[in-house]
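**Q** Submitted below is the structure of interest, expressed as C-alpha cells.
Read the figures in this text as sums done on the coordinates, not as results from a lab. Quick caveat, the model's predicted, so the values are computed rather than measured. Glycine gets a Cβ as well: all are built from the backbone with ideal geometry, and neighbour counts include every protein chain shown.
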Amino acid sequence: MDKVLKGIRVLDFGRYIAGPYCATLLADLGAEVIRIEKVDGSEDRFLSPVTEQGDGAMFMQMGRNKLGMTLNPMKQEGREIVRKLVATADVVVANLPPDTLASMGLDYDSLCAIKPDIILTMISAFGRGGPYEQRVGFDGLGQAMSGSMYMSGTPEQPAKAYAPFIDFGTASLSAFGTMAALFQRQKTGKGQIVEGALFNTALTMMNGTLIEQAMIAVNRVASLNRSQTSAPADTFRTRDGWVLVQSVGGPLFKRWADLMGEEHWLQDPRFKDDISRGDHGEIISQRLAEWCAERSSEEVLAAMEEARIPAGPVLSPQQVLEDPHIAAKGLFQAIDYPGADKAAPVMKTPVELSETPGEIQRRAPTLGEHTDQIMQELGYDAASIQTLREKRVI
C-alpha cells in the first residue's frame, strides 16, 4: 500500500516538540524525514534519559520513522552540505527564530535559490511581525500569555498544564499546513512558507474565553477543575481515588439530577441552562462531591456510565500504561532501542486513516546513525566523510 507522502523528503531541523513532531506526523504518513542534530547531539535528545547513552523518553517519540544525521550548518563545509540536502528535499521544517534561520542559510530566500519549489515550515514562539518576533519560548509561554494559566489553578496560584499541549497543537497545525502546501504545489508547482507559532496556537485554544471577555467583560478567575460555563463539570474524590465528571447541555443535566434524586433542581431557575449552572457550579459540585465521597471510583463510574454521563478516572502514568482500552486498541507500539533495558511504549499516529494509515516503521535513530549513508547519497566518498568528521562538521 502506497503511503500518502511516499516520495516526499523532509529535512527536520527542529528541536524539542513543535518542529520535530510536525515532521514525525509527516514521517508516519510515508515521508522520508532526515532529523539533523548537532554534532554532539541536540538538547532534546537527552531530555528525561531512559538509556545507557542518555537518550531521552521524548526522543523515543519524536525521532521515530526518521533517519538521523549530525551536522554543523554554521561551518562553511556544513553550509555546503545543507545546500546539497536542500536540493534533494521537498520540505524543510525548523522551529527557530527568523534571524537564526537566516544565519544557518535556512531562510526562505536562501532555500528558494537552491530549490525554487521548496516548502519551508517555520515554527517559532511568536511568529514574524510584532514586537515579540525574535523572542524565544517554550510551550509554557503560550499557556502563560494566552490566559490559559490565569484560568487554571486558583486565583492565588496559576497553574501550567503538565502536558505541553501548545507544543503538540502547534506541531499538528504545522503538519496540517505543510500538507496543504504540498497539495497546492501539486496544482501550481510553487512552494511557500508555512508558519506556525506557539502563541497563535495558544490564542486559538483560548479564543472562546477571550471572545466572551471582549464582548461582555465577565472577568473570570480560575476555579481549579470546576467549569464555569456548565455543571456538573469538576473532579471529585471518591473513597479510593479521584474521578472527573463532565456534563454539558440540558439532557445530561437531567440525567444527573435524576441520578442524584434532585429532580426538583430541573425547575430551579439557578440551573435553567448551562451558563446558569456554571454560575452556580459550586452548589452542584458540592452535591456531587458528597455523593462520590460515599462510593468507590468503580461504583461512581459504573453509575455514571449507566446514566450515560461522561466520566472517567484520574489515572497515574502507571495506571495509564495498564489501561485495558489502550491495550485492546493497541495504541502503544513497543519499540526496542539500543542501550535500553525495556521497550518504549510509543503512541501511534493519533489520527487513524482507514485506507492509508500512519505507521511506525522504525525506531528513533541513535546519534548520527545514518550520517554516512546520507553523505554518500550526496556524493561524498569515505575519505571526505572522515575528514569532515575530524573537523566536526558532521
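**Q** In whole angstrom, note down how far apart the Cα centers of the range 236-273 and the range 53-97 are.
**A** Comparing the Cα centres of the range 236-273 and the range 53-97, I get a distance of 52 Å.
**Q** Mind sorting out which of (i) 83, 49, 42; (ii) 63, 48, 35; (iii) 67, 43, 43 is the real Cα extents along the principal axes in Å computed from the coordinates?
**A** Computing Cα extents along the principal axes in Å and matching it to (i) 83, 49, 42; (ii) 63, 48, 35; (iii) 67, 43, 43 gives (i).
**Q** What is the range 9-130's relative contact order, in percent, from Cα pairs under 8 angstrom and six or more apart in sequence?
**A** Values: 202 pairs, mean separation 33.9, N = 122.
Relative contact order, the range 9-130: 28 percent.
**Q** Once amide H atoms are built 1.01 Å from N in the peptide plane, which residues 5 or more positions from Gly196, or in another chain, come under 5 Å H to H?
**A** Amide H to amide H, under 5 Å and 5 or more residues apart or across chains, Gly196 pairs with Met122, Ile123, Ser124.
**Q** Another one. Gap in Å between the Cα centre of the range 136-173 and the Cα centre of the range 372-388?
**A** That distance is 43 Å.
**Q** Checking the cross-link filter: which lysines have an alpha carbon closer than 27 Å to that of Lys254, excluding same-chain neighbours under 8 positions apart?
**A** Counting by Cα, and skipping residues close in sequence, Lys254 has these lysines nearby: Lys272.
**Q** Let me ask something else about it. Return Trp265, Trp256, Trp242 ranked ascending by Cβ neighbour count within 10 Å, so the fewest neighbours appear first. Mind showing how you got there, number by number?
**A** Working: Trp265 19, Trp256 22, Trp242 15.
Listing Trp265, Trp256, Trp242 from fewest to most nearby Cβ atoms yields Trp242, Trp265, Trp256.
**Q** May I ask what percent, to the nearest 5, of DSSP beta bridges between residues of the chain are antiparallel?
**A** Values: 14 of 35 bridges.
The antiparallel fraction comes to roughly 40 percent.
**Q** Something else about it: Any of Lys75/Lys187; Lys6/Lys160; Lys187/Lys329; Lys3/Lys115; Lys38/Lys115 with alpha carbons more than 28 Å apart? Name them for me.
**A** Lys75/Lys187; Lys6/Lys160; Lys187/Lys329, as the Cα separations exceed 28 Å there.
**Q** Starting from the Cα-Cα distance between His280 and Arg392, subtract it from 0.36 nm times their residue separation and give me the gain in nm to one decimal. The partial results should precede the final answer.
**A** Values: separation 112, 0.36 × 112 = 40.32 nm, distance 6.41 nm.
Gain in length upon complete extension: 33.9 nm.
**Q** Next up: Would you grab the residues whose amide H sits under 5 Å from the one on Ala31? Only those 5+ places off in sequence or on another chain, please, with H modelled 1.01 Å from N.
**A** Placed amide hydrogens put Leu5 under 5 Å from Ala31.
**Q** What is the angle, in °, between the Cα long axis of helix 250-260 and the longest principal axis of the Cα atoms in the chain? Nearest 10 is fine, range 0 to 90.
**A** So the helix axis and the longest Cα principal axis differ by about 60 degrees.
**Q** Quick one: length gained pulling Ala343 to Glu298 fully straight, 0.36 nm per residue minus the C-alpha distance?
**A** Length gained, Ala343 through Glu298: 13.1 nm.
**Q** May I pose another question? Can you list the GluC sites (Glu not before Pro) in the range 39-100 that are in a DSSP coil and have 11 or fewer other beta carbons within 10 angstrom?
**A** Sparse-neighbourhood loop GluC sites (Glu not before Pro): Glu52.
**Q** Most exposed first by the Cβ proxy, i.e. fewest other Cβ within 10 Å, how do Cys112, Cys292 rank?
**A** Cys112, Cys292
**Q** Within the set of other residues whose C-beta is less than 15 Å from the C-beta of Pro155, count the net charge using Lys and Arg as +1 and Asp and Glu as -1.
**A** 0
**Q** Which of Lys160, Lys6 has the fewest other C-beta atoms within 10 Å, and how do the rest follow up to the most?
**A** Lys6, Lys160
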